[in-house]
Structures are given as structure tokens and as C-alpha cells.
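First up is the structure itself, then whatever we jot down about it.
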Amino acid sequence: MKGNLRLSFFLAVKNTLHQKPLFALIVLIITLSFVSATIVSATILGFVNALNNQIIDYSHGSILIEPKEDAIFIDDALEKLDKIRRVPGVIAATRRYSFGAALFKKDREAAGFGFFGIDPLEEKKVSKVYRYMKQGEYLTPKDRGEIIIGSEVAGGGEQLWFAEEDTLSARVGDKIRVSFANGVEREFHTKGIFNPRDIYSTSFSYITIQDAEEILGVSGKASLIAVRVPKGTESYYVKRFKELGINDVFKTWEDKLSTSAIVISMFGTINILLSTVGLFIVFVTVFVIIYINLAHKRRQIGILKAIGINEKVITQSYTIQSMIYGASGIIAGVILIKAMTAYWAVHPLNTSLGFVTPELSASSIIIASIMLFISSIIGGYIPSFKAAKEDIIKLIWD
Amino acid sequence: MPKAIVEAKDLKKIYRMGKVDVPALGGVNVDIREGEYVAIMGPSGSGKSTLLHLLALLDTPSSGRIFIEGTDVSDMSEDEKSSFRLNRLGYIFQEYNILAELTALENTYLPAMMQGKNKSEYTKLGREALELVDMGDRAHHLPSELSGGEQQRVSIARALINKPRILFADEPTANLDSRSSHSILNLFRKLNKELGLTVAMVTHEPEDTKIVDRVLNLKDGLITNILKSPTILNCEHCNCKVYEDGAITRTREGKTHVFCSENCAESFEAE
Ligand SMILES: Nc1ncnc2c1ncn2[C@@H]1O[C@H](COP(=O)(O)OP(=O)(O)O)[C@@H](O)[C@H]1O
Ligand SMILES: [Mg+2]
């Protein structure tokens, strides 16, 4: 038996090496099949990650602290911020006031989904919105009566959801009248328009915290405290903050996700569907090329049988050969897809939903590899088993 | 008399071509004796290859029985036949059926590898077999680097490596030039005489049968005659070759004259 396995390996390796161009072609096809089966799920995972990161980077932060259920504001916000910032590992924390507001420019009206008073210097450490100023500039602490507006509200042609006539059609320098939920009305000067290309912050507007406190008639409070911590450590820090005696409501970005959970679960379903179809195509492709390749080996199989090499060794040999094809294709495929995702990590895809970096989960690589390997085994085994059973005379002379 | 090494009883082979039955052998009885060198002759399509395939266990008869060294091989499983081919039989095809991806040496030692011998053993045996067919200096050449005659020698070495009891060869020289043919036939004679190897060879060249012990003549799937130690003579009229046993003779002035046919003899008499 040991000798037979050695003979099978010997024949498989010699066969493979003798036809290097064919070997290269088959490996290329398997490699491309591998990439096509995994690229969809990589892109979808990239989208999901992008949406998650957008929530963290542009709107929510890692952890959002909200007032207790019956309260309007977080009390002693400055003290709490101080405590939070002193916890080792916390990257930044900032407070925000949140308003209900309608924005007007002459006869135009637009309702943003979020209107916030922010502390510009601290906000910049939590939120990356400042990096995406489409026009004008971000707020500074001494600004009064200045507003910066998201592109979805401001308009100007880059909106994802709104038609231009439903926006303010605002430009830097325009006067914007804001009517707040508490009845106050104020006029602001447009300092900047931002577009981070995510689905939330593009419909936000920001004023400085001093203006906000004046409008609300409060000070040292907050509607929200946004904290930034390393991704994946959120629940640990929530525990730490509670231990510090902060007894407000904590929401990590994942809690906030429930709003976009429908989108993400829809992506999940599409992903499963497309990956299944992709893997099935891979299965068929690999099976067919190995099958066709073996059809040219009938004479060789006949000769081997004639000189007394038994069916088992022959079947084993061609199965090993197609396992060599499969394994080479998988290795090349993993390298290629890793190279592609590495490239996208540096040069993300510029999509209408923001910058997306396709990313492969270990599980989808493993599933695709196993599927491919199994199909190469079956693709080699079935035809060689069938051929090895045929009559020698038919194999050699037909 | 030496004992029979291969015996066939009432062998029939009918090929099915779609709905048509093509009878190729119609009840052949043969016995090949130990150490014998037998030629199988006959016109094209007479069933020579079919007979050799059956005797060498490459194909299954439609009916009849085959005994090899007294063992009835007719009802053997595929695996048993395979091991019989590996250990006891050697087969040489008309085309030099060696694997293009293996060197001469690798082609040669495949059957020894299959027997489970270790590397040093099968390499040694492979080299010996190549020496035997005068191919010792070509061991590491690929078939594409060898001439037809050399490739055929490799396939002979491969057939010999496991020291078979009998060697089958189906028109082994048909694709070779006359010099290569000649040296291959001499090689068979040498193996037969020096190693006592039993050889059964299909040929269509009457010339080839000079060196054999017996000739089995096939016609339309039946053995028409068996010639013992034939001597080949030349027809004195048309100068074609003729077996001594089948020759037509006329005596004139105390001298015997040999002819291939009654026609030639009559023409001679008319002179
Ligand atoms: N695989 C086959 N299928 C159908 N008919 C065949 C097959 N092989 C041989 N025959 C037929 O059987 C007869 C004998 O063939 P074969 O043994 O090859 O003759 P030979 O070797 O004497 O030329 C011929 O009529 C041939 O056409
Ligand atoms: Mg023939």
C-alpha cells in the first residue's frame, strides 16, 4: 500500500510538471474562480465595515452617553468629561447639545436630521468630519453666529438622498435662518459645507457650543457625550465609566447600529446568496476543467492498466494530481485576494456610500478554500475512477 | 515435451459495433509451451491482435477458457488479472507505448515500483533491464529524445523488469526501419535462447518467422495451420517466400524444385 501511494504521487507530480503551461492555465482558472467567489463577500464585508466606521467616525463616536430617561440634559457634564478623559486608553471625549431645528434660506427650507452645538477642538478628536470640508472651513472655538452644514442639507449636487430643490442650495457666506424647537429663531452665517460621504453626518449641521448654550439658556450641561476608544474595547470602557459613578445611559456604536441593522442584515442575506452561487460556480468550473483534462489521459490510463498498474493506484494518482491543481489555485487565490484587499486598504473604493475597503473574513477564505479543494478532489476522483474501470482496449485504441 | 505455459480452449471473441456483431475469433485452440518462441501470422483483420489481447489478459473473451501456467484465469477479477499482468506477463505494443513525461529509466521501473520495491531496488532493476536492451546509456532521456527503435527498446525493458514468464509482442517492429526491426528481433531471440523466456509475437513479415519455433497461422478468426520450425524457401518461379511445409514441389531430372503455388509450378513445367 505504501509503495502504491508513492507510485501515485510519482505519476501525479510527473504529469503535472510535464505540462507546465496547462498546469499554469488550470491554476489560473482556479485562482480566478477563487477570487470571484470571495470578492463579493469581501466587498459586502467592506461595506458593512464602512457603515460601522462611518457611525464611529462621523456621527456617534465609539460610545455615546445620553441623559437618563426623564432628563433633558446630562448634568455636571464638564466633571464627567474630566473623569472620562482621565481613564487610561480613552482617546478623546466631547460634549454636544442636540436641537430640533428647521433651516431656511430665503424661500427655501430644509430639515436636517441632526443639529448640534459642539466644542470644535474636542469634537475634532472624536469626529473626523473636519477632514471633509467641501467648501469653507470647520468651526473654531471663538466662532459666534457661524454654522457649518452637511452636504445633504446644504445641497450643491453631491447629495445621496435629497433632490436639489429639497435642500437649502446654500454656499459659504449665505445667511441661514434657523428656527429651534424651543421657539428661538436665529440667523447664522455659513462658514463651511462638509461631505464625509456617509449616510448620517451629511444631513447634520453644527454651531459652536457657546451659541448653543445661549439659545438653550443653560451652561455646563450636555445633550450627549461622545467618547472615542479603540474599536473592540467599547464594552470594557462602558463598565469603567459606570464604575466611576456616571449613571447616565450608555450606547456603543453597535447599539446605534440597530437603526442600520436592516441594511446590514440585508447585506448579509445578499452575501450568503451570492457566495453560495459563487462557490457553486467554482465547484462546477473546477470539476469541468479537471474532467476535460482527464479525457486526454485515456490512453495513458490504458497503458498503465496494461502493464499491471491497478485501478486504485491510477485513480489515486489522478486525484492527487487534481489536488495539486486545487491546492496551487487556492494558494495563488489567497495571495491574489490578500494583495487586492491590501491595495484597497490604501486606496479604498470611492462609492456613493463612502469609501469602502473590501475585506475578507478568515471564515470566508476557509469556506472557499475547502469548497475548492473538495471540488478538485471530486473533479479528479469521479472521472479517473470511471476511466480506470474501462476496458484497456477501449482506453488505448478508441 | 515442455509443459504448456499458456493454453486457450475454444476462444471466441465477438465485438459489438452498435447493433452489428463483428466476429473476430471463432473458436481458437492454442497452447504455447515453456521456452517456446511462437509467431502468430495471418492477413490483416484475421484476429491476431485480438488473440494476443485475450492471451495477455488485456481483454475478455466472449467465450472459451484461458489457462496460464495451469491456472484458469478466465473468471479472475480485474485486480487479480492486473496483478497477473504485473508479475507474470510482459506486453509490447506496436506503438511504443511509453509515457511521455517519464525518462527511459522511469518508464522502465514503473512496474517494479508498483510491486512495492524500494527506490534502490527498482532503480537497480531498471538499469539492468535497460542494459539488457542496450539502452543503458539512454537512461535519463525522455521519449521525445529517443528514436522509435529506442523507444521500443524501453518498452521491452519495461516489459522485462518484473521477470515475466512470457512476453507478448504485437507487431513490435511494424513502425520501425529495417535495421531497428532486425536488432529487436535478434533481441527477442537472445532473450528466448539465453534466458529461456517464452515469446509470443504477432508479425506479418514471413522473414521474421525464420527464427521462431512455431508459426500459428490465423485466417478469419481461426487457426488454419501450425507450422513447426519452418524453413523458408524461395519460389523458383516468382522468387517469393514460401514455408517449406506449404511449398509445392516438382522433381525434374532427379532435382527437387520449390514453388509457392500450383500456378508457379505449372508455369515452371511449361518452360
Ligand atoms: N475494438 C474493436 N471493435 C470492433 N471490431 C474490432 C475491434 N478490434 C478488432 N475488430 C475487428 O475484429 C477483427 C480482427 O481484428 P484484429 O484482431 O485487430 O486483426 P489483426 O490484428 O489480425 O489485423 C477485424 O475484423 C477487426 O475489424
Ligand atoms: Mg493487429
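The values are calculated or read from the model by the stated rules, or taken from the named source; none is laboratory data. As the structure is a computational prediction, the values presented were derived from the model and not from experiment. Every residue, glycine as well, gets a Cβ built from its backbone with ideal geometry; the counts of neighbours run over all protein chains shown. Accessible surface areas use protein heavy atoms only, side chains included; no ligands, DNA or RNA. Shrake-Rupley method; radii C 1.70, N 1.55, O 1.52, S 1.80 Å.
Observations
- Net charge of Cβ neighbours under 13 Å - reference A:Thr140; Lys, Arg +1; Asp, Glu -1: -3
- Extension reserve of the B:Thr249-B:Leu222 stretch, reckoned as 0.36 nm per residue once the Cα distance is removed: 7.0 nm
- Remark: relative contact order (chain A) = 28 percent; criterion is Cα-Cα distance under 8 angstrom and separation of 6 or more residues.
- Carbon/sulfur fraction of accessible area - region B:4-230, other protein chains in place, 1.4 Å, %: 48 percent
- Chain A, accessible surface, carbon-and-sulfur percent (1.4 angstrom probe): 62 percent
- Entry note: the protein assembly as shown has Rg to Rh equal to 1.36, where both radii use alpha-carbon atoms and Rh is the Kirkwood radius.
- In this structure region A:1-133 gives 45 Å² per residue of accessible area when probed at 1.4 Å with all protein chains present.
- Whole-Å distance, taken between Cα centres, linking region A:4-34 and region B:58-80: 37 Å
- Residues with amide H under 5 Å from that of B:Gln94, placed H, sequence gap 5 or more: B:Asp170
- Of all aspartates and glutamates in the structure, those lying under 17 Å Cα to Cα from A:Lys231, and not within fewer than 8 positions of it along the same chain, are A:Asp57, A:Glu254, A:Asp255, A:Glu359.
- Ellipsoid equivalent to chain B - semi-axes via the Cα gyration tensor, in Å: 35, 24, 17
- Per residue accessible area of region A:319-385, 1.4 Å probe, in Å²: 45 Å²
- For region A:338-351, the Karplus equation 6.51 cos²θ - 1.76 cosθ + 1.60, evaluated at θ = phi - 60°, returns couplings of 5, 5, 5, 5, 5, 5, 5, 4, 8, 10, x, 6, 8, 10 Hz by residue, with Gly and Pro reported as x.
- Local charge for A:Gly114 was computed over the other residues whose Cβ lies under 11 Å away, with Lys and Arg +1 and Asp and Glu -1, and equals 0.
- Using the 1.4 Å probe convention, the accessible area of region B:132-271 works out to 50 Å² per residue with neighbouring protein chains retained.
- Members of A:Lys394/B:Lys48; B:Lys12/B:Lys219; B:Lys193/B:Lys255; B:Lys117/B:Lys163; A:Lys125/A:Lys221 lying beyond 25 Å, as alpha-carbon distances in this model show: B:Lys193/B:Lys255
- Between A and B, buried accessible area from a 1.4 angstrom probe totals roughly 2400 Å², ignoring ligands, DNA and RNA.
- Computed from Cα atoms, the angle from the helix B:104-114 axis to the main principal axis of chain B rounds to 70 degrees.
- Ellipsoid equivalent to region A:286-398 - semi-axes via the Cα gyration tensor, in Å: 42, 12, 10
- Between A:Ala163 and B:Glu34, the modelled labels are 10.5 nm apart [label points 7 Å from Cα along Cα→Cβ].
- For region B:80-94, a decrease in accessible area of 50 Å² or greater in the assembled protein chains relative to the isolated chain, with a 1.4 Å probe, applies to B:Arg85, B:Phe93.
- Inter-chain shielding of A:306-317 (mean C-beta neighbours from other protein chains, 10 Å cut-off): 6
- The residues neighbouring A:Asn15, those whose beta-carbon lies less than 9 Å from its own, together hold a net charge of +1 under the Lys/Arg +1, Asp/Glu -1 convention.
- Under a model in which nothing but the beta-carbon of Lys, Arg (+1) and Asp, Glu (-1) is charged, region A:61-254 shows a dipole of about 740 debye around its Cα centre.
- The separation of region A:41-86 from region B:2-45, counted between C-alpha centres, amounts to 91 Å.
- Against chain A, whose longest principal axis is taken from its Cα atoms, helix A:362-389 shows a tilt of about 20°.
- GNM on chain B, alpha-carbon springs under 10 angstrom: the most fluctuating residue among B:Arg189, B:Arg153, B:Arg179 is B:Arg179.
- Compared with the alpha-carbon gap, the fully stretched path from A:Ile335 to A:Phe385 is longer by 14.8 nm at 0.36 nm per residue.
- Gain on full extension, evaluated as 0.36 nm per residue between A:Ala345 and A:Val284 minus their Cα-Cα distance, stands at 18.8 nm.
- For region A:1-35, residues shielded by at least 10 square angstrom of accessible area compared with the chain on its own, probe 1.4 Å: A:Gly3, A:Asn4, A:Arg6, A:Leu7, A:Phe10, A:Leu11, A:Lys14, A:Asn15, A:His18
- Using a cutoff of 8 angstrom between alpha carbon atoms and counting only pairs six or more residues apart, the relative contact order for chain B works out to 21 percent.
- Between B:Asp134 and B:Leu233, the modelled labels are 3.3 nm apart [label points 7 Å from Cα along Cα→Cβ].
- Mean Cα-pair separation over length for region B:1-153, i.e. relative contact order, pairs under 8 Å, 6 or more apart, %: 19 percent
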